[in-house]
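Here's the structure, in structure tokens; my notes come after.
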Amino acid sequence: MIWRALIPALFAFCLPAMAQEDPALTAQRAAAMLDRAALGVAEADDARDRVDALTDTVRAYEEGLAALREGMRRAAIREQAIEIVFEAEQDRLGRLLGVLQSMQSAPAPLLLIHPSGPVGTARSGMIVADVTPAVAADALALRQQLEELAGLRALQAAAQSQLADGLTGVQEARVLLSQAMAERRTLPPRFTTDTDALLRITESAESLDGFATALRNVQALSDPTEPLPSFAEERGALPLPVRGRILRGFGTADAAGVTRPGLILAAESRALVTAPWHATIRYAGPLLDYGNVAILEPQGDHLLILAGLGELYIRAGDLISAGDPVGLMGGAAPNREELIISDGQSTGEALSETLYIELREAGEPVDPILWFATTDQ
């Protein structure tokens, strides 16, 4: 369904704005997202399409957890900033507290008596009158900062508990999604593929480039009953297939000086990978040292290659819609301790897995970033 394809784009729009707001408000919004995701798991069994419901639930969990960690990260940064100010002004704050305590403990009549007599009392009264507003302002600012610090620490403690619950929830939702995909009864129409030819080129492939070139010559043996929506018209508007950040761009050399004609996305382990657009699955399985590879054909002259998945949900010949699950990233699911943010300088994300994305047009690689709605262009 088209609206499901828009969900990642909406989250991509909302999360940067959330990253700029108050950490408490960010955590509150994230908590609401996690609550809705938990409700999605409960309602998935009654949904007409359980796979769609669980796919949306997993995405909601992933985005909610990311937002919650961002709120915790911003709270940690703010806490560090307050503590740095306290440390830098420790002496002045100590003197201020001493003055406030002495003024509070001294009897009021004694404050009005000065050893030099009435003139001294008048002068001291004028000095106190001048100093008191500044002391009061400093005291109020100190009190506000102490209250904010206590609130930030309480926020982080509550968020840690909710983070643990959310982590349990997303792991459960991923397991349920895997089961639902395996048990799915109503499958979309499938193309018939030349399996012998596909097997031959898979076994003889020496590189991803050679495999994609050879695959382009293996034609489906049947045509879809209805043409797929135009892929070319979606240029610049597609959601990324997995939530993460761009690690290396098109044609950018890595540390070893190797360049690849595609994008490398850093993603969390076990993150959900979905189809950016309606497509036919031309290949799904292990290939060379790329791990599991899915090759999608969104249009006759385009191939979208996703390499590095840990688990695949699709088979060669399947017809899938935008937003449908393709598989999961590899790696072990992160535990609670790995997700809790203790360092304000951390990005708050354990992006330990990489997804390689390559887009071919008429057999030639093109820059995929031009097709996706992302700020990393």
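The values are calculated or read from the model by the stated rules, or taken from the named source; none is laboratory data. Predicted model, so just to flag it, every value in this text is computed and none were measured. Virtual Cβ from ideal backbone geometry, glycine too; neighbours counted across all protein chains shown. Calculation scope for accessible area: heavy atoms of the full protein, side chains included, ligands and nucleic acids excluded. Shrake-Rupley method; radii C 1.70, N 1.55, O 1.52, S 1.80 Å.
State whether one or more residues within region 233-252 are basic (K, R) and closer than 17 Å to E361 by Cα.
From region 233-252, those basic (K, R) are 235, 243, 245, 248; that's our starting set.
Still in the running and closer than 17 Å to E361 by Cα: 235.
Yes, region 233-252 contains a residue that is basic (K, R) and closer than 17 Å to E361 by Cα.
Picking from R243, R270, R282, which residue would you name as being open to solvent by less than 20 Å² (accessible area, probe 1.4 Å), under 27 Å from D56 (Cα atoms) and among the basic types (K, R)?
Values: R243 fails: open to solvent by less than 20 Å² (accessible area, probe 1.4 Å); R270 fails: open to solvent by less than 20 Å² (accessible area, probe 1.4 Å).
The conditions single out R282.
Condition check ((1) at pLDDT 55 or above; (2) surrounded by 13 or more Cβ atoms within 10 Å (Cβ to Cβ); (3) closer than 28 Å to T55 by Cβ; (4) not hydrophobic (A, V, I, L, M, F, W, C)) across all residues:
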{"site": "H114", "(1), (2), (3), (4)": "no, yes, no, yes"}
{"site": "R123", "(1), (2), (3), (4)": "yes, no, no, yes"}
{"site": "M126", "(1), (2), (3), (4)": "yes, no, no, no"}
{"site": "L140", "(1), (2), (3), (4)": "yes, no, no, no"}
{"site": "Q144", "(1), (2), (3), (4)": "yes, no, no, yes"}
{"site": "G166", "(1), (2), (3), (4)": "yes, yes, yes, yes"}
{"site": "Q171", "(1), (2), (3), (4)": "yes, yes, yes, yes"}
{"site": "V175", "(1), (2), (3), (4)": "yes, no, yes, no"}
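Considering only residues that are assigned to a strand (DSSP E or B) and over 13 Å from L215 (Cβ atoms), look in region 293-306 and name the one that is nearest to the chain's Cα centre (by Cα).
The first filter runs over region 293-306 and keeps only residues assigned to a strand (DSSP E or B), leaving 293-299, 302-306.
Next, from what is left, pick out any that are over 13 Å from L215 (Cβ atoms): 298-299, 306.
On the way: P298: 26, Q299: 29, L306: 19 Å.
Among those residues, the one meeting the criterion is L306.
Within the set of pairs 6 or more residues apart or between chains, which connect a residue that is on the phi < 0 side of the Ramachandran plot inside region 30-57 to a residue that is at pLDDT below 85 and among the hydroxyl-bearing types (S, T, Y) with Cβ atoms less than 9 Å apart?
What qualifies is D49/T186.
From the list G251, G323, G262, exactly one residue is among the small types (G, A, S) and under 25 Å from R50 (Cβ atoms). Which is it?
Working: G251 fails: under 25 Å from R50 (Cβ atoms); G262 fails: under 25 Å from R50 (Cβ atoms).
The conditions single out G323.
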